[in-house]
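Visitor: Got a structure here, written out as structure tokens. Questions coming.
The values are calculated or read from the model by the stated rules, or taken from the named source; none is laboratory data. In this text the structure is predicted, and so the values were computed from the model without any measurement. Glycine also receives a Cβ, built like all others from the backbone with ideal geometry; neighbour counts cover every protein chain displayed.
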There are 2 protein chains.
Amino acid sequence: MRTIEWDARSSELRLIDQRMLPEELKIASLSEPRQAAEAIRDMMVRGAPAIGITGAFGLALAAIHSKARTTKELRIDLEEAASLLREARPTAVNLGWALDQVMDEIDWEESSCDKLRIAVLSSAQKLADEDVATNRRMAENGAVLIDDGDTILHHCNTGALAAVDWGTALGVIRTAHEQGKRIHVLVDETRPRLQGSRLTAWELQQYHIPYHIISDNAAGFFLQSGKVNKVLFGGDRVAANGDVVNKIGTYMLALAAHDNAVPVYAVVPTSSIDLSLASGELVPIEERDPNEVLSLKVEGRATAPREATALNPAFDITPYRLLTAIVTENGIVYPPFLENLGKAVNGNLK
Amino acid sequence: MRTIEWDARSSELRLIDQRMLPEELKIASLSEPRQAAEAIRDMMVRGAPAIGITGAFGLALAAIHSKARTTKELRIDLEEAASLLREARPTAVNLGWALDQVMDEIDWEESSCDKLRIAVLSSAQKLADEDVATNRRMAENGAVLIDDGDTILHHCNTGALAAVDWGTALGVIRTAHEQGKRIHVLVDETRPRLQGSRLTAWELQQYHIPYHIISDNAAGFFLQSGKVNKVLFGGDRVAANGDVVNKIGTYMLALAAHDNAVPVYAVVPTSSIDLSLASGELVPIEERDPNEVLSLKVEGRATAPREATALNPAFDITPYRLLTAIVTENGIVYPPFLENLGKAVNGNLK
């Protein structure tokens, strides 16, 4: 199944509740846009592409379940839902992008509410289908970079769970694996939410790709010791200069790879590229609940003093100088990024 | 109290069981060298100076509780205990150093077993007292580098818990705090054993020094954003060229500090400096139990698939080029380290 699916019979959105993995594969059914916003905020669903599509389907929920009798009333409901959804995760560009895609396609001159409802749902469906196709193209493009026998260090989760299906960086690994290349993945835990050990390890298990989990701290050691051939991750937002805003920890990982001359690839759909943004440091970084850091237990014991406080930024900025290339559905973008990212967005990469 | 104390009444070694912190301050009493070796291996006690002194007192336990009737028999018992203790943690140089200090001082020509027993205990006691004095001198030397208002990023635990008392890098912070300098500490968790959030946070709480816990991944973000004035950590072994072998994650932290022109200080006693070692990559790196990585729980749920495996190196190597200076009890060592570390060891720093 897909990570995100519209259930036509019940007119509900069905999502894998990723907070329950790897212990339990639980499917949540959402019927209100408010629930979709909560699913994004609480990270029931996460990953740049996935939260974009969840946002789009959130609008579909608003359209289908709205009690509006006129298109004017429906418009009010949809705009309210869009603003609610937009605020759920401020840093990811895909969320706003997907909401805009759906909202911009609506023909407000249409007089039939029901036709509008169906049009919104179709837009969301189309985005979801396009996301899968985009992921497949990114994976095909990126798999060219992977060699037989590679050990790949991977950050966070960028697999099917991070998208509608297939995934971005993990999609590349999956395609290379299906091409018969032997791959070993070092999965970093990705504190504080542990998307690496919880989600990426679980996915690799399903795909029968060999892996080991490592602490985030251990990445430098493995890069130092010459045991890593490539570093792969996704991206929540890419600036015009190639700076990649991604899950916290990406910057140090890229730095350590660069220090050891190991190639670093970000794998992102062009919808994550924000050409209006000159550089990464202009992106507001989401600050999340300190309890994500403080609530760990080992053998039933707390791992921080009761009185402790924490700071919990969700993203950092990997400067473009640390990247070997950025893989998109329109091709592999090499430096100079300032020149070539625009071409990738417009589909003009040679 | 001290982290490690000899109880003269019961002839036992009393240690804070650091695995129980921060939830519980539990004191363990050890009466056999085997228990001391286990305490080191299982990280009931950890930190380069602390395990050295625990090793020395492990020899005292062997001497005091040995049933030997001749010095020859006692020698066999002591040498057996020394080799047992030496194997408990292979990477830390202090352990071997402390064992050698005690063993080398023994006068095997002495005919009285009881005199030998007392001599071994006295040697261990002397090392413990010297460790506290050394820590105090390191702290005084290092505190000069700390400015009023500094935010200091700190890795692992290097406080009183890592030594007999006072500590190394955290000792510097503590002394600067006692000098009236206002300091804010960013405590990284230090996965996989969480010595930062479990132990350093607990110590800072006792000393009333303000701090926030951050995930190890977040260090790069705070360094990028210009909010960190200094990075401090300890060291398990320092090579002649200044490479520092320290808790896993130190390398990436130093790299990120260096990339943002934030000064990086290792604080180590000269007993951790191994001039016979040309560079850090020659040190064998201890590989620990994968369950240290895999056994986390969040809200009662497993954070890795049941079938998952992990790799768990305990240390990495921070190349000397990333260090601003190395603080010792004999003074602050600046580059060129190859020249100046020898002077520090011999007490000839100008």
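Visitor: Only one residue in B:Ala36, B:Ala56 is at pLDDT 95 or above and in contact with a Gly (Cβ under 7 Å, 6 or more places away or on another chain), so which one is that?
Guide: Criteria check complete, one pass: B:Ala36.
Visitor: Check region B:207-226 and report whether any residue there is without any contact (Cβ under 8 Å) to a residue 24 or more places away in the chain, of a type outside the set (Phe, Trp, Tyr), touching a Lys or Arg at 6+ places or on another chain (Cβ under 9 Å) and crowded, with 24+ Cβ neighbours inside 10 Å.
Guide: The answer is yes; a qualifying residue exists.
Visitor: Tell me, which residue of region B:155-166 that is in contact (Cβ under 8 Å) with a residue 40 or more places away in the chain, surrounded by 24 or more Cβ atoms within 10 Å (Cβ to Cβ) and not polar (S, T, N, Q) is nearest to B:Phe57 (Cα to Cα)?
Guide: Filtering first and then ranking leaves B:Val164.
Visitor: Of A:Thr200, A:Thr190, which residue is within 17 Å of the chain's Cα centre (by Cα), within 19 Å of B:Gly249 (Cα to Cα) and without any contact (Cβ under 8 Å) to a residue 60 or more places away in the chain?
Guide: Exactly one of A:Thr200, A:Thr190 is within 17 Å of the chain's Cα centre (by Cα), within 19 Å of B:Gly249 (Cα to Cα) and without any contact (Cβ under 8 Å) to a residue 60 or more places away in the chain, namely A:Thr190.
Visitor: Another question about this same structure. Among the residues of region B:150-182, which ones are in a loop (DSSP other than H, G, I, E, B) and within 13 Å of chain A (Cβ to nearest Cβ)?
Guide: B:His155, B:Cys156, B:Asn157
Visitor: Can you pull out the residues in region B:1-43 that are closer than 25 Å to A:Ala308 by Cβ and more than 14 Å from chain A (Cβ to nearest Cβ)?
Guide: B:Met1, B:Arg2, B:Thr3, B:Leu15, B:Ile16, B:Ile27, B:Ala28
Visitor: Which one of the conditions (1) among the hydrophobic types (A, V, I, L, M, F, W, C); (2) surrounded by fewer than 20 Cβ atoms within 10 Å (Cβ to Cβ); (3) away from chain A (no Cβ under 13 Å); (4) over 20 Å from B:Trp97 (Cβ atoms) does B:Leu277 fail to meet, given that it meets all the rest?
Guide: (4)
Visitor: Also, I was wondering about something else. Just one of the numbered conditions (1) surrounded by 18 or more Cβ atoms within 10 Å (Cβ to Cβ); (2) assigned to a loop (DSSP other than H, G, I, E, B) is not true of A:Ala139; which one?
Guide: The one condition A:Ala139 does not meet is (2).
Visitor: Let me ask you something else. Return yes when B:Val132 is closer than 27 Å to B:Val264 by Cβ, outside any loop (DSSP other than H, G, I, E, B) and β-branched (Val, Ile, Thr) and no when it is not.
Guide: Spelling it out, B:Val132 is indeed closer than 27 Å to B:Val264 by Cβ, outside any loop (DSSP other than H, G, I, E, B) and β-branched (Val, Ile, Thr).
Visitor: Moving on. Restricting attention to region A:183-218, which residues are outside any loop (DSSP other than H, G, I, E, B) and at the interface with chain B (Cβ under 7 Å from one of its Cβ atoms)?
Guide: Within region A:183-218, A:Ser197, A:Arg198, A:Ala201, A:Trp202, A:Gln205, A:His212, A:Ile213, A:Ile214, A:Asp216, A:Asn217, A:Ala218 meet the criteria.
Visitor: Considering only residues that are surrounded by 22 or more Cβ atoms within 10 Å (Cβ to Cβ) and over 20 Å from A:Lys67 (Cβ atoms), which ones fall in region A:23-47?
Guide: A:Ala39, A:Ile40, A:Val45, A:Arg46, A:Gly47
Visitor: Can you find, within region B:232-274, the residue that is surrounded by the most Cβ atoms within 10 Å (Cβ to Cβ) among those that are in contact with a Phe, Trp or Tyr (Cβ under 7 Å, 6 or more places away or on another chain) and in a strand (DSSP E or B)?
Guide: B:Asn246
Visitor: When you check A:Leu296 against the structure, is it at pLDDT below 95 and more than 20 Å from the chain's Cα centre (by Cα), yes or no?
Guide: The answer is yes for A:Leu296.
Visitor: If I filter region A:106-129 down to residues being part of a helix (DSSP H, G or I) and among the β-branched types (Val, Ile, Thr), which single residue comes out as surrounded by the most Cβ atoms within 10 Å (Cβ to Cβ)?
Guide: A:Val120
Visitor: Is it fair to say A:Pro319 is surrounded by fewer than 17 Cβ atoms within 10 Å (Cβ to Cβ), out of contact with any Lys or Arg (no Cβ under 7 Å at 6 or more places or on another chain) and in contact (Cβ under 8 Å) with a residue 40 or more places away in the chain?
Guide: no
Visitor: Can you pull out every residue in region A:226-261 that is over 17 Å from the mean Cα position of the chain (by Cα), of a type in the set (A, V, I, L, M), more than 13 Å from every other protein chain (Cβ to nearest Cβ) and over 27 Å from A:Val102 (Cα atoms)?
Guide: Hit for region A:226-261 is A:Ala261, nothing else.
Visitor: Let me ask something additional. Looking only at residues that are more than 22 Å from the chain's Cα centre (by Cα), at the interface with chain B (Cβ under 8 Å from one of its Cβ atoms) and in a loop (DSSP other than H, G, I, E, B) in region A:307-343, which one is farthest from B:Ile214 (Cα to Cα)?
Guide: A:Glu307
Visitor: Test A:Leu223 against the criterion of being aliphatic (A, V, I, L, M), touching a helix residue (DSSP H, G or I) at 6+ places or on another chain (Cβ under 7 Å) and more than 10 Å from chain B (Cβ to nearest Cβ), and give yes or no.
Guide: In short, no.
Visitor: Looking only at region A:286-304, count every residue that is more than 7 Å from chain B (Cβ to nearest Cβ) and part of a strand (DSSP E or B) and tell me the total.
Guide: Summing the residues that are more than 7 Å from chain B (Cβ to nearest Cβ) and part of a strand (DSSP E or B) in region A:286-304 gives 1.
Visitor: Determine, yes or no, whether B:Ser279 is more than 30 Å from A:Gln206 (Cβ to Cβ), touching a strand residue (DSSP E or B) at 6+ places or on another chain (Cβ under 6 Å) and of a type in the set (Gly, Ala, Ser).
Guide: It is true that B:Ser279 is more than 30 Å from A:Gln206 (Cβ to Cβ), touching a strand residue (DSSP E or B) at 6+ places or on another chain (Cβ under 6 Å) and of a type in the set (Gly, Ala, Ser).
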